[in-house]
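Okay, structure first, notes after.
No value in this document is a laboratory result; all are computed from the given coordinates. This one's a predicted model, so the numbers in the text were calculated from it and none came from an experiment. Virtual Cβ from ideal backbone geometry, glycine too; neighbours counted across all protein chains shown.
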Amino acid sequence: MTAEPTGAAEVFYCYAYEDRILRDELEKHLGILRRQGRITGWHDRDISAGTDWAHEIDTHLNSASIILLLVQLGGNTPMVYLDRQSLALIGPFEGLGHGLVVVLDEGQDAGL
């Protein structure tokens, strides 16, 4: 993993497993900001084997500047994130990052 640029906002992606392809697509769209050093991204697939995943999620949730809660209408919300998602959405009041809800649509004519 490369060193994070100084001053880059960390984006925490929170999504259901079945939405990982849509998350990957969103991450591609944000790629220009990453290449410019404005953001870095983090999601659960960045957790190394054998690592305490709950601790790793909490660490990045607490350090993230922006928390993207990716939801799909009629989709599954990952249970491991339910309490953390609630905190993320009220983050500015609790000293966490700013929470944003992104509604995903995988329809043929829909984009992210």
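Okay, which of the stretch 5-38 sit inside 16 Å, backbone N to the point 7 Å along the Cα-Cβ direction of Val101? In the stretch 5-38, the label zone of Val101 (backbone N under 16 Å from the point 7 Å along Cα→Cβ) covers 14-16. Summarising the amide proton neighbourhood of Leu104: residues at separation of 5 or more, or on other chains, whose placed amide H is nearer than 5 Å comprise Val71, Gln72, Leu73.
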